[in-house]
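The values are calculated or read from the model by the stated rules, or taken from the named source; none is laboratory data. Remember, predicted model here, so these are calculated numbers, not experimental data. Every residue, glycine as well, gets a Cβ built from its backbone with ideal geometry; the counts of neighbours run over all protein chains shown.
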Amino acid sequence: MASLRQVAQAIAQLAATACYPNGTAAPSITGAVVRTAADDPRSAQLDADLAAGNAFVRVLPRQNVSREVPVSLMGEQQISVPAPTLTATVDGNTVTFGGTVTAGWPVDVIVNGVAYAYAPTATDTPASIAAALAGLIDGASASGATLSIPDAWSVAARCVSAGNTALPLIRQAQGFIVTIFAPGVDVRETIGVAVKLAIVQTPRLLLPDGTIGMLRLTAEWDNNKPSKELDFERYLLCQVEYDTVNIAATWQIGATIANA
């Protein structure tokens, strides 16, 4: 599940992408360094950055600005659904295996309504899988990666992969504050507009656990009386509504059926 800090880090990453739209190897939108973090900057480092014309974007959760909301009615949500890496092609009474083997991702061959399953190991190949299944099915044989079942009137092959689902336990609406520390009004404006646009254009925020948080901007204002020289600040308040979830493994099945 996504922790409070991880949600803040997701917002900080959104701000970093807004400040470096072409990647960190290219200049930022201000032409100077823009640091982003879900932490308070060290005072000495912040002073040095501002003196050098750089900026800092900080994202922190707001205290006492959180509430529980009704759990999502969607129930379990699929987080990752990888396609099976092993392939199976059924042609008449033969099954030919291909692709790559992922240990523990099983393959089923259903002959005349009876299922035969094999869970590959890390050393298996399509040919060894065909041989293993031939040993399980009466009258079957294997030649290379092809499994033959001469007397079958119905053959199906299913390759399986492992994914993850998330079951919502509670749902919370948490407030966050994005603070922009800039060495001048123009830099503050450039970063402030870019980060604001990033927030309002990303209502569905991808969190580190693969779930989605609903992000919205709630307020913004400037500090026009800097507390220290060269420190011009902008504050963006936002809220993320997200689930605390239990993540569990699930199976994704791909099926190929012929001669049925």
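Has the range 123-144 got at least one residue that is in a loop (DSSP other than H, G, I, E, B), touching a Lys or Arg at 6+ places or on another chain (Cβ under 9 Å) and not charged (D, E, K, R)? Break it down into steps so the answer makes sense when it comes.
First pass over the range 123-144, keeping only residues in a loop (DSSP other than H, G, I, E, B): 123-125, 135-140, 144.
Pick out the ones that are also touching a Lys or Arg at 6+ places or on another chain (Cβ under 9 Å) and you get none.
No: the range 123-144 contains no residue that is in a loop (DSSP other than H, G, I, E, B), touching a Lys or Arg at 6+ places or on another chain (Cβ under 9 Å) and not charged (D, E, K, R).
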### Filtered residues of the range 86-114 (kept if under 30 Å from the mean Cα position of the chain (by Cα), under 19 Å from residue 146 (Cβ atoms) and hydroxyl-bearing (Ser, Thr, Tyr))
87, 100
### Message
With surrounded by fewer than 15 Cβ atoms within 10 Å (Cβ to Cβ) and either at pLDDT 85 or above or in a loop (DSSP other than H, G, I, E, B) (or both) as the only criterion, which of 248, 260 stands out?
### Response
260
### Summary
Going through the range 1-34 in order, the residues found to be in contact with a Gly (Cβ under 7 Å, 6 or more places away or on another chain) and either in a helix (DSSP H, G or I) or modelled with pLDDT under 90 (or both) are 7
### Query
For the range 35-49, how many residues are under 34 Å from the mean Cα position of the chain (by Cα) and either among the hydrophobic types (A, V, I, L, M, F, W, C) or assigned to a loop (DSSP other than H, G, I, E, B) (or both)?
7
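Taking the options 87, 123, 102, name whichever one is farther than 23 Å from residue 12 by Cβ and free of Cβ contacts under 8 Å to residues at least 24 places away in the same chain.
123
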#### Entry: Cross-chain or 6+ apart pairs with Cβ under 9 Å, the range 159-181 first and in the same structural domain as residue 214 (by TED's automatic domain parsing) and without any contact (Cβ under 8 Å) to a residue 40 or more places away in the chain, then of a type in the set (Asp, Glu) and part of a strand (DSSP E or B)
none
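From 83, 166, 117, grab the single residue that is under 34 Å from the mean Cα position of the chain (by Cα), in a loop (DSSP other than H, G, I, E, B) and not hydroxyl-bearing (Ser, Thr, Tyr).
Every option except 83 fails the conditions.
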## Note on the structure
Among 190, 202, 218, 179, the single one that is surrounded by fewer than 21 Cβ atoms within 10 Å (Cβ to Cβ), polar (S, T, N, Q) and under 19 Å from the mean Cα position of the chain (by Cα) is 202
### Query
Among the residues of the range 99-114, which ones are under 15 Å from residue 161 (Cβ atoms) and part of a strand (DSSP E or B)?
99, 107, 108
### Task
Among what's in the range 123-176 and is of a type in the set (D, E, K, R) and surrounded by 16 or more Cβ atoms within 10 Å (Cβ to Cβ), pick the residue that is nearest to residue 248 (Cα to Cα).
171
## Note on the structure
Subset of the range 56-112, residues assigned by TED's automatic domain parsing to the domain that holds residue 196, modelled with pLDDT of 85 or more and charged (D, E, K, R), comes to 58, 62
